[in-house]
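Here is the structure we will look at.
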Amino acid sequence: MTKVLSTYLPEVAVQPVFELIKVNNVHLKIVNERVTRHGDYRRMPNGHHQITVNANLNRYRFLITLIHEIAHLVAFQKYGRTIKPHGKEWKFTFQQLMLPFLRPEIFPPQLLPLLALHFKNPKATSDTDATLALALKQYDPANDKNYIFEIPPNGLFRLHNGKVFKRGNKRVKRYECLEVATGRIYLFNPNAEVEFIH
């Protein structure tokens with residue numbers, strides 16, 4: 001298992017993550033990319049805990065995602081299944097589990113202040129923290145995608161499912177975008193990755 005983990009995690013994080021997996025009886029599945037999520041936690045009918053994490057994540061995002069999902073498991077076991085999935089109990093658990101990993105031996109120095117800020121009040125996904133998401137993207141393999149905020153106003157872009165949108169104005173945090181085929185308005189996170197057409 002540690003051999004597999006060392007493919008996906010920063011080297012210094014492998015052993016402590018392996019311990020967390022063992023202690024919490026996690027069945028870890030590393031899966032092909034899912035566009036809608038980086039990871040997932042499920043309690044199986046047989047009582048086992050299954051966590052899936054996308055194989056295409058860079059080492060740092062993989063670590064954050066895996067700890068995020070383990071925090072769900074630990075919070076449910078400690079506080080009961082009636083807590084909100086990303087409520088205060090989960091946030092506290094995520095902070096506690098993540099703290100030992102926020103070290104320069106694990107994360108690059110330029111990421112540490114952003115992570116420290118993010119973990120003061122962690123969000124349901126690190127993607128909603130635009131500054132952190134952008135910083136983490138630097139460690140992804142190069143791709144031809146753009147973030148929504150990089151698309152010019154009225155610029156056209158395509159989603160993974162082939163739908164084409166025109167970028168509109170920014171509301172408080174998200175962008176209004178018009179689906180060209182239907183005329184319907186959708187809201188997009190600034191750092192959703194899309195394919196810029198023109």
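Computed from the coordinates by the stated procedures, all read-outs in this text should not be read as laboratory data. Just so you know, these numbers come straight off a predicted model, no measurement behind them. Quick reminder, even Gly has a Cβ in these numbers, built from the backbone with ideal geometry, and neighbours come from all protein chains shown.
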Under the helix-only model (-39500 (n - 2.57) for each DSSP H run of 4 or more, divided by the residues of the chain), the mean residue ellipticity at 222 nm, to 500 deg cm²/dmol, is -9500 deg cm²/dmol
Excluding residues fewer than 8 positions from LYS145 in its own chain, the aspartates and glutamates with Cα under 20 Å of it are GLU33, ASP127, ASP129, GLU176, GLU179, GLU193, GLU195
Checking THR93, THR182, THR52 against a Gaussian network model of the chain (alpha-carbon springs below 10 Å), the top fluctuating residue turns out to be THR182
Taking R0 as 41 Å and r as the Cβ-Cβ distance between ARG81 and ASP140, the FRET efficiency 1/(1 + (r/R0)^6), rounded to the nearest 0.05, comes to 0.75
Each label sits 7 Å from Cα toward the beta-carbon; between MET44 and ALA124 the label points are separated, in nm, by 2.7
The helix 88-98 Cα axis meets the longest alpha-carbon principal axis of the chain at an angle in degrees, between 0 and 90 and rounded to 10, of 70
Convex hull around the C-alpha positions of the chain: the volume in Å³ per residue is 143
Simple SL model, points at 7 angstrom along Cα→Cβ for LEU187 and ASN169; separation in nm is 1.5
Mean separation of Cα contacts under 8 Å (at least 6 apart) over the residue count of the chain, i.e. the relative contact order in percent, is 14
In nm, the gap between the two label points placed 7 Å beyond Cα toward Cβ at LYS3 and PHE92 is 4.1
Excluding residues fewer than 8 positions from LYS29 in its own chain, the lysines with Cα under 20 Å of it are LYS3
Looking only at lysines whose Cα falls under 17 Å of LYS84's and that sit 8 or more positions away or on another chain, we get LYS123
Out of VAL53, VAL14, VAL23, a Gaussian network model of the chain with alpha-carbon springs under 10 Å gives the largest mean-square fluctuation to VAL23
Note on the stretch 17-61: alpha-carbon gyration tensor, axes a ≥ b ≥ c; rule is a/c under 1.5 for rounded, else prolate if a/b larger than b/c, else oblate; result oblate
Dividing the surface of the Cα convex hull of the stretch 87-198 by four yields a projected area in nm² of 8.5
Diffusion coefficient in µm²/s returned for the stretch 146-196 by Stokes-Einstein, Kirkwood Rh over C-alpha pairs, 10 °C and 1.306 mPa s, is 152
Which of LYS22/LYS88; LYS137/LYS173; LYS88/LYS137; LYS78/LYS120 exceed 23 Å between C-alpha atoms? The answer is LYS22/LYS88; LYS88/LYS137
Contact order relative to length for the stretch 1-110, counting C-alpha pairs under 8 Å separated by 6 or more residues, stands in percent at 24
